[in-house]
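Here's the structure we're looking at; comments come further down.
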Amino acid sequence: MNYPTLEDIFWEFNLNPVKTPDIVEMDKCINGYLDKLVDKNKLSDGEADCIAELIGEMNSVCKAAAFRKGFHLAVKLFIEN
């Protein structure tokens, strides 16, 4: 029998859309810098869109990793007490 990984559980319960105020603020800041680079013709719109998409994917992967680490910590604390 195959058991789901913690990442599978994270994605199955759709926990990714949750954004903390810190993440929202960082997204605004990054998008502001990307807009400035596009305005100064340092990046094309397509390049800026690709960077923004990659940042979104990285946020998702980081949240899944944090979920896994938090779960392991919770189990460790539960077992030790």
query: Between the helical axis of 45-80 and the dominant principal axis of the chain, each derived from Cα atoms, what acute angle in degrees is found, rounded to the nearest 10?
result: 20 degrees
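Determine the calculated [θ] at 222 nm for the chain from helices alone, applying -39500 (n - 2.57) to every DSSP H run no shorter than 4 residues and normalising by the residue count; nearest 500 deg cm²/dmol.
On the way: 3 runs with 62 residues, N = 81.
About -26500 deg cm²/dmol.
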- line: Longest principal axis of the chain (C-alpha) makes with the long axis of helix 21-39 (C-alpha) an angle, in degrees to the nearest 10, of 30 degrees
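What is the magnitude of the charge dipole of the chain about its Cα centre, with +1 placed on the Cβ of each Lys and Arg, -1 on the Cβ of each Asp and Glu, and no other charges, expressed in debye to the nearest 20?
Working: 9 positive and 14 negative charges, 66 e Å.
Charge dipole, the chain, about its Cα centre: 320 debye, nearest 20.
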task: List the relative contact order of the chain as a percent without decimals, with contacts defined as Cα pairs under 8 Å and 6+ residues apart.
output: 44 percent
- prompt: Ignoring ligands, DNA and RNA, what percent of the 1.4 Å accessible area of the chain is carbon and sulfur?
  reply: 62 percent
statement: Candidates for Cα Rg over 2.2 N^0.38 Å are (i) 1.50; (ii) 1.03; (iii) 1.45, and the calculated one carries label (i)
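Which entries of Lys28/Lys63; Lys36/Lys69; Lys28/Lys76 have Cα-Cα distances beyond 28 Å here? Could the numbers behind the result be given before it?
Numbers: Lys28/Lys63 18 Å; Lys36/Lys69 36 Å; Lys28/Lys76 36 Å.
Checking Cα-Cα distances, Lys36/Lys69; Lys28/Lys76 exceed 28 Å.
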- prompt: With no solvent and one point per C-alpha, what does the Debye sum give as log10 I(q)/I(0) for the stretch 39-81 at q = 0.24, 0.29 Å⁻¹?
  reply: -0.79, -0.90
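The values are calculated or read from the model by the stated rules, or taken from the named source; none is laboratory data. All values reported here derive from a predicted model rather than from experimental measurement. We place every Cβ from the backbone using ideal geometry, glycine too, and count neighbours over all the protein chains shown. When the accessible area is computed, the model is the full protein with side chains, heavy atoms only, and any ligands, DNA or RNA have been set aside. Shrake-Rupley method; radii C 1.70, N 1.55, O 1.52, S 1.80 Å.
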